[in-house]
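One structure is given below, encoded as structure tokens.
The values are calculated or read from the model by the stated rules, or taken from the named source; none is laboratory data. Since the model is a prediction, treat every value here as computed from it, not as a measurement. Here the Cβ positions follow ideal geometry from the backbone for every residue, glycine too, while neighbour counts run over all protein chains shown. The protein model used for the area step is the full one, side chains on, heavy atoms only, and it has no ligands, DNA or RNA in it. Shrake-Rupley method; radii C 1.70, N 1.55, O 1.52, S 1.80 Å.
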Amino acid sequence: MSVPPIAPSANLKAEEGSHVAPTPSNKRGSCTIIENPLPQNAPGASAAVGHHLENSIPLSIFPIAADKLCICFCGLPGRGKTHISRRLGRYLSFFHAIPLQIYNVSEYRRRKYGALKDAEWFDSNNVEARKAREECNQTAIKDMITFLAGQPNGIAILDSTNPTHERRTNLLRVMNAARVKVMFIEVSNDNEEFLQDQYRTAASTSPDYEGINNTDAELDYRRKVDKFKTYFEPLDSGANSAVESKWSYIKCDHFIQHFVVHNIKGYLQQKVVHFIMNLRTTCHAFYLSRHGQSEYNDLGRIGGDSGLTQHGINYAKKLAEFVETNVVRDSNGNQVPARLWTSTMRRTKETAQFIQQNKILINGDEFDMGSGSHDNLDHKNIPSDTSSINKSTDSFDSKASESQPVIKFEWTQMRPRAWHHLDELFAGQCDGMTYEEIEERFPDEWVRRSVDKLAYRYPRGESYLDVIARLEPMIIEMERHHEPLLIIAHQGILRIIYAFYMGKSRAEAPYLSIPLNCVVELVPGPFDCKETRHVLYKPAKELAIDGQDEPKNDPPSH
């Protein structure tokens, strides 16, 4: 006996395009069709403007609330504010889909007054210059208000010194009047080695010193910092503490890993704190490599868990040679601690099989034992007499002295760590098929994918948006380490990581080229990310069409 169809109530009329849902009956293999004139939208649909909604949209990759937030940086020049603000802004906009703009007051100053090569401009006694600086700051604040007023939610980041209580109070007053929450981030660092490197970098890269020799530029930049020191007022200190102690702020000194988190409330603000506390302010290289050619690559199939072909093995050997000369050694040829990550899939592990895992000694005072980054450590507290260690073991030691022995730790170079997060985008029911087979057997799915490749989810599989959500923890892990890192993964995964660091939009990510037999070296900095591509293997005969190559002239893709 069949279950009779459920009649809609009198006040519900079937609408054009209403959803039709199958309902199981008592008879096996049959179903009764009912009308669903008021279907539930996919979670996140209201925020998924421009996306095709035939596939469910995960809410996690869209803004969680209609909040408006101003993040105001403050601190002396050369402490890493611009580096932190740009990395933070990139993280929030890419992984949390939040409309965001960064307002660098120095850029406003340069646009209006040109490059300034004289530290006297920043003297507190220079009345004319002080008035001009304040004018630039107010222009930036007005632009922030205009940006946020045009968004249902968003974040404006003010990248400036904001050195005085008066300037910070004015910002808070203006933002509160616009119903915008304010969070302050004070960046400090008094390590002389770090500051020297910062000053040299500023002298050689800042638009203010274009055409000036580095020695004179660095001298002027130091004078600029000294000028700021005469009137800089730290957050929540001295006479200002009674007022500023009520504000939301985080104070950070990344060199000594010291953070003060004060009056921080809300999901978004906590995400900011989490990222800031895991970020490293020093630049180091990431090396991105796809696995070598797999058996499924050779057959033109996507996904699967196949092993390497002979060409793939040849690439794996070339990759091991590259690691030995480029990843685990600095420019002087000295060994440095380095890391290796793979996915849990067979083809990435086989690509890493020839990479050596030598042991080196590292100084305890140069290793962050509180970071939880102990994957490569074998033993702690190696005695100062290291004669028991094999003589071929390298020692990474820059501070040891007879008068003050340094505790050493044994570190295994390039010990592979496999992450499920790095597994390839899962094609679900299409796993192991060629693109021609998908187009033939699932023509409707093929059309949906061609319409919106970013949000399209394979039947019982994943979308690029799903992968973005699962890669967020990986970015946090990448940011918190300071050693060079090689990631052997898959094109869909590496596209997203590459897009994040290279400033590409999420919509561009599914179309980026990450070819086989090539290592992409990325060095993120405060203003840009330097990219170098190393082609390691060129077969004598061109390889068969990669399973990542699609018909219809679509760029190589999963």
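Filtering segment 208-219 to residues that are surrounded by fewer than 18 Cβ atoms within 10 Å (Cβ to Cβ) and closer than 17 Å to Ser106 by Cα leaves only Glu210.
Checked against (1) closer than 19 Å to Ser85 by Cβ; (2) open to solvent by 40 Å² or more (accessible area, probe 1.4 Å), Ala177 passes all but condition (1). Applying a threshold of 9 Å to beta carbon distances and a minimum spacing of six or more residues, or different chains, the list of pairs starting in segment 462-475 at a residue that is within 21 Å of Thr342 (Cβ to Cβ) and touching a residue at least 60 places away in the same chain (Cβ under 8 Å) and ending at one that is assigned to a loop (DSSP other than H, G, I, E, B) and of a type in the set (Phe, Trp, Tyr) reads Asp466/Phe426. What about Thr146, is it without any contact (Cβ under 8 Å) to a residue 24 or more places away in the chain and among the hydroxyl-bearing types (Ser, Thr, Tyr)? For Thr146, the condition - without any contact (Cβ under 8 Å) to a residue 24 or more places away in the chain and among the hydroxyl-bearing types (Ser, Thr, Tyr) - is met. Checked against the criterion of being of a type in the set (Phe, Trp, Tyr), closer than 21 Å to Phe228 by Cα, surrounded by 15 or more Cβ atoms within 10 Å (Cβ to Cβ) and touching a strand residue (DSSP E or B) at 6+ places or on another chain (Cβ under 6 Å), the candidates Phe194, Phe122, Phe184, Phe147 yield just one match: Phe184. Taking segment 440-488, which residues are surrounded by fewer than 23 Cβ atoms within 10 Å (Cβ to Cβ), in contact with a Cys (Cβ under 8 Å, 6 or more places away or on another chain) and under 22 Å from Ile514 (Cβ atoms)? Across segment 440-488, the qualifying residue is only Gly461. Scanning segment 75-117 for residues that are at positive phi and either open to solvent by 30 Å² or more (accessible area, probe 1.4 Å) or assigned to a helix (DSSP H, G or I) (or both) turns up nothing.
For segment 494-519, a residue qualifies if it is out of contact with any strand residue (DSSP E or B) (no Cβ under 7 Å at 6 or more places or on another chain) and not small (Gly, Ala, Ser), and the qualifying residues are Arg495, Ile496, Phe500, Lys504, Arg506, Glu508, Pro510, Tyr511, Leu512, Pro515. Filtering segment 506-530 to residues that are without any contact (Cβ under 8 Å) to a residue 60 or more places away in the chain and among the small types (Gly, Ala, Ser) leaves Ala507, Ala509, Ser513. Does segment 340-358 contain at least one residue that is at pLDDT below 95, open to solvent by less than 50 Å² (accessible area, probe 1.4 Å) and under 30 Å from Asn278 (Cα atoms)? No; the residues of segment 340-358 include none that is at pLDDT below 95, open to solvent by less than 50 Å² (accessible area, probe 1.4 Å) and under 30 Å from Asn278 (Cα atoms). Identify, by number, the condition in (1) at pLDDT 90 or above; (2) more than 21 Å from Thr164 (Cβ to Cβ); (3) surrounded by 13 or more Cβ atoms within 10 Å (Cβ to Cβ); (4) not hydroxyl-bearing (Ser, Thr, Tyr) that Arg223 doesn't meet. Unmet for Arg223, out of (1) at pLDDT 90 or above; (2) more than 21 Å from Thr164 (Cβ to Cβ); (3) surrounded by 13 or more Cβ atoms within 10 Å (Cβ to Cβ); (4) not hydroxyl-bearing (Ser, Thr, Tyr): (2).
Selection of segment 502-523 for residues being within 29 Å of Lys317 (Cβ to Cβ) and either in a strand (DSSP E or B) or open to solvent by 20 Å² or more (accessible area, probe 1.4 Å) (or both) yields Met502, Leu512, Ser513, Pro515, Leu516, Cys518, Val519, Val520, Glu521, Leu522, Val523. If you go through segment 524-558 and keep only what is outside any loop (DSSP other than H, G, I, E, B) and at pLDDT 95 or above, you end up with Glu531, Thr532, Arg533, His534, Val535.
Suppose we keep only residues that are among the hydrophobic types (A, V, I, L, M, F, W, C) and at pLDDT 90 or above within segment 108-133. Which one would you say is nearest to Ser204 (Cα to Cα)? In this case the residue turns out to be Phe122.
Within segment 251-267, residues that are in contact (Cβ under 8 Å) with a residue 40 or more places away in the chain have Cβ atoms under 6 Å from residues that are assigned to a loop (DSSP other than H, G, I, E, B) in these pairs: Asp253/Ser188; Asp253/Asn189; His254/Thr281; Phe255/Asn189; Phe255/Asn191; Ile264/Ser248; Tyr267/Ile64, counting only partners at least 6 apart in sequence or on another chain. Summed over segment 234-272, the residues that are in a strand (DSSP E or B), among the hydrophobic types (A, V, I, L, M, F, W, C) and surrounded by fewer than 13 Cβ atoms within 10 Å (Cβ to Cβ) give a count of 1.
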